[in-house]
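J.: The structure is given below, and queries will be raised subsequently.
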Amino acid sequence: MSITGKMVGKFGDEIEESLFEFAEFDNTEAEKTGYSNYSYWKSTWNSFKQHKVAMFLLILVISILVFTMIQPLIPGQKSPTTIYLNEQTQMQDKNLAPSLEYWFGTNSIGQDLWARIWSGTRTSLLIGFVVGAVEAIVGIVVGALWGYVKSLEKIITEIYNVVDNIPTTIVLILMTYIFRPSIGTMIFALCLTGWLEMARFVRNQIIIIRDREYNLASRCLGTPTMRIILKNLLPYLVSVIMLRIALAIPSAIGSEVFLTYIGLGLPISIPSLGNLVNEGRMLMMTPALRYQLVFPTIVISIITISFYVIGNTFADSADPKNHK
């Protein structure tokens, strides 16, 4: 700068000092320049919302869940276990077609099918969610240890081979014979072998990525095994794990329907979608009574298809490659 208060340019030209301002350093502003408001889950949700069909099915499933919870509290609802009689003849209102009084009709002993379907949906969804949660927790823990901790690989492999070679149907039959048929027995029987598929899947995925550079670096730095699994491995698998969990719920409901079909499900006194489908199946050859099979089948179809589409869409949305 010259004595006259003017700045001298690169080639000796004088530049007016008023044209420039000195930049001041601000620590707060410097931190803001390095901050990103990117959120993985927010980006996943934004990607999921772009799929209109999946969003519609998600809203539909949530509506069904909410309605099944509040349905008994709605005024004018009938009991799912009460046998209703005709006021004039005092005979059972059995096998009545859908009407204003019985929205979905009645079954062969005069019970309200509308109330039984929503009560059965509550029961089947309870079984599905509990079994899905147990399968996810046990399967992820066992699969992660199986795939990453090499010292446990042989032990877990032997346990897996023993349990996996026992047919699932045999296990379910034995459990229903040993214990009294109930919701708890059904959940316990389905959880005994349900974790195997999840554990094998997680194990295979972890074997693929366990020896990548960032995991080798973490081991060299002395990072605990559980921290590597939780921070390095499982976040990489979040999309496929969520897909498996979403599919485990309709799978558990389907297993409950199958057990009821072969006569090993819940007792008739406990309404479930499996019981309702089995009752309707026996009447499907009578055209006037097919509604007893159609209504529970529609509910099961909506639930299973919705979870399948939602699970696949969420898996695609959770893939970082699909994030913008």
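J.: Please verify whether segment 218-232 includes one or more residues that are under 20 Å from GLY254 (Cα atoms) and not in a helix (DSSP H, G or I).
T.: No, there is no match, as no residue in segment 218-232 is under 20 Å from GLY254 (Cα atoms) and not in a helix (DSSP H, G or I).
J.: What about SER2, is it open to solvent by less than 80 Å² (accessible area, probe 1.4 Å), modelled with pLDDT under 85 and within 32 Å of the chain's Cα centre (by Cα)?
T.: Taking the combined requirement at face value, the residue does not satisfy it.
J.: Oh, and also: Here is a list of conditions, (1) in a loop (DSSP other than H, G, I, E, B); (2) open to solvent by less than 100 Å² (accessible area, probe 1.4 Å); (3) modelled with pLDDT under 70, and PHE22 meets all of them except one; can you say which number that is?
T.: (2)
J.: Check LEU234, LEU190 and return the single one that is of a type outside the set (Gly, Ala, Ser), over 25 Å from ILE270 (Cβ atoms), open to solvent by less than 40 Å² (accessible area, probe 1.4 Å) and touching a residue at least 12 places away in the same chain (Cβ under 8 Å).
T.: LEU234
J.: Continuing with this model, one more query. So, in segment 78-95, exactly how many residues are surrounded by 14 or more Cβ atoms within 10 Å (Cβ to Cβ), out of contact with any helix residue (DSSP H, G or I) (no Cβ under 9 Å at 6 or more places or on another chain) and of a type outside the set (Asp, Glu)?
T.: In the first step, residues of segment 78-95 are kept if they are surrounded by 14 or more Cβ atoms within 10 Å (Cβ to Cβ); the result is 78, 80-81, 83-84, 92-95.
Subset that is out of contact with any helix residue (DSSP H, G or I) (no Cβ under 9 Å at 6 or more places or on another chain): 83-84, 92-94.
From what is left, the residues that are of a type outside the set (Asp, Glu) are 83-84, 92, 94.
The total comes to 4.
J.: Of all residues in segment 251-273, which are closer than 13 Å to GLY128 by Cβ and either among the β-branched types (Val, Ile, Thr) or at pLDDT below 85 (or both)?
T.: Residues of segment 251-273 closer than 13 Å to GLY128 by Cβ: 251-257, 272-273.
SER251, ALA252, ILE253, GLY254, SER255, GLU256, VAL257, listed by residue number.
J.: Are any of the residues in segment 285-301 of a type in the set (S, T, N, Q), in a loop (DSSP other than H, G, I, E, B) and in contact with a helix residue (DSSP H, G or I) (Cβ under 9 Å, 6 or more places away or on another chain)?
T.: Scanning segment 285-301, I find no residue that is of a type in the set (S, T, N, Q), in a loop (DSSP other than H, G, I, E, B) and in contact with a helix residue (DSSP H, G or I) (Cβ under 9 Å, 6 or more places away or on another chain), so the answer is no.
J.: If you take the residues of segment 35-77 that are open to solvent by 90 Å² or more (accessible area, probe 1.4 Å) and either in contact with a Gly (Cβ under 8 Å, 6 or more places away or on another chain) or part of a loop (DSSP other than H, G, I, E, B) (or both), which of them is farthest from SER119 (Cα to Cα)?
T.: Going through segment 35-77, the residues open to solvent by 90 Å² or more (accessible area, probe 1.4 Å) turn out to be 35, 37-38, 41-42, 45, 50, 52-53, 56, 59, 69, 73, 75.
If we keep only those that are either in contact with a Gly (Cβ under 8 Å, 6 or more places away or on another chain) or part of a loop (DSSP other than H, G, I, E, B) (or both) as well, we get 35, 37-38, 50, 75.
Details: TYR35: 50, ASN37: 45, TYR38: 43, GLN50: 34, PRO75: 16 Å.
In this case the residue turns out to be TYR35.
J.: Under 9 Å by Cβ, and 6 or more places apart or on different chains, what pairs join a residue from segment 156-174 that is over 14 Å from PHE258 (Cβ atoms) with one that is outside any helix (DSSP H, G or I)?
T.: Here the result reads ILE156/VAL149, each pair linking segment 156-174 to a residue that is outside any helix (DSSP H, G or I).
J.: Any idea which residue in segment 134-155 is most open to solvent (accessible area, probe 1.4 Å), counting only those that are closer than 23 Å to ILE303 by Cα and in contact (Cβ under 8 Å) with a residue 40 or more places away in the chain?
T.: VAL134
J.: Output the number of the condition that GLY254 fails; it satisfies all remaining conditions of (1) open to solvent by 50 Å² or more (accessible area, probe 1.4 Å); (2) without any contact (Cβ under 8 Å) to a residue 60 or more places away in the chain.
T.: Every listed condition holds for GLY254 apart from (1).
J.: Sticking with this structure for a sec: On the basis of being open to solvent by 30 Å² or more (accessible area, probe 1.4 Å), farther than 19 Å from LEU237 by Cβ and of a type in the set (Val, Ile, Thr), does VAL162 make the cut?
T.: Against the criterion (open to solvent by 30 Å² or more (accessible area, probe 1.4 Å), farther than 19 Å from LEU237 by Cβ and of a type in the set (Val, Ile, Thr)), VAL162 qualifies.
J.: Next up: Which count do you get for residues in segment 45-82 that are of a type in the set (Gly, Ala, Ser) and modelled with pLDDT of 90 or more?
T.: 2
J.: Looking only at segment 219-226, decide whether some residue is closer than 27 Å to GLY311 by Cα, surrounded by fewer than 16 Cβ atoms within 10 Å (Cβ to Cβ) and touching a helix residue (DSSP H, G or I) at 6+ places or on another chain (Cβ under 8 Å).
T.: Looking for residues that are closer than 27 Å to GLY311 by Cα, surrounded by fewer than 16 Cβ atoms within 10 Å (Cβ to Cβ) and touching a helix residue (DSSP H, G or I) at 6+ places or on another chain (Cβ under 8 Å), one finds none in segment 219-226, hence no.
J.: With (1) at pLDDT below 90; (2) within 22 Å of the chain's Cα centre (by Cα); (3) open to solvent by 20 Å² or more (accessible area, probe 1.4 Å) as the list, and SER108 as the residue in question, which single condition is left unmet?
T.: All conditions pass for SER108, except number (2).
J.: When LEU293 is evaluated against the numbered criteria (1) in contact with a Ser or Thr (Cβ under 7 Å, 6 or more places away or on another chain); (2) of a type in the set (A, V, I, L, M); (3) open to solvent by 30 Å² or more (accessible area, probe 1.4 Å), which criterion, by number, is the only one it fails?
T.: It fails just one condition, (1).
J.: Follow-up. Of the conditions (1) aliphatic (A, V, I, L, M); (2) touching a residue at least 40 places away in the same chain (Cβ under 8 Å); (3) surrounded by fewer than 17 Cβ atoms within 10 Å (Cβ to Cβ), MET242 satisfies every one except a single condition; which number is it?
T.: Checking MET242 against (1) aliphatic (A, V, I, L, M); (2) touching a residue at least 40 places away in the same chain (Cβ under 8 Å); (3) surrounded by fewer than 17 Cβ atoms within 10 Å (Cβ to Cβ), the one that fails is (3).
The values are calculated or read from the model by the stated rules, or taken from the named source; none is laboratory data. Since this is a predicted model, take the numbers as computed values, not measurements. Neighbour counts run over all protein chains shown; Cβ positions are idealised from the backbone, glycine included. The area values use the complete protein model at the heavy-atom level, side chains included, leaving out ligands, DNA and RNA. Shrake-Rupley method; radii C 1.70, N 1.55, O 1.52, S 1.80 Å.
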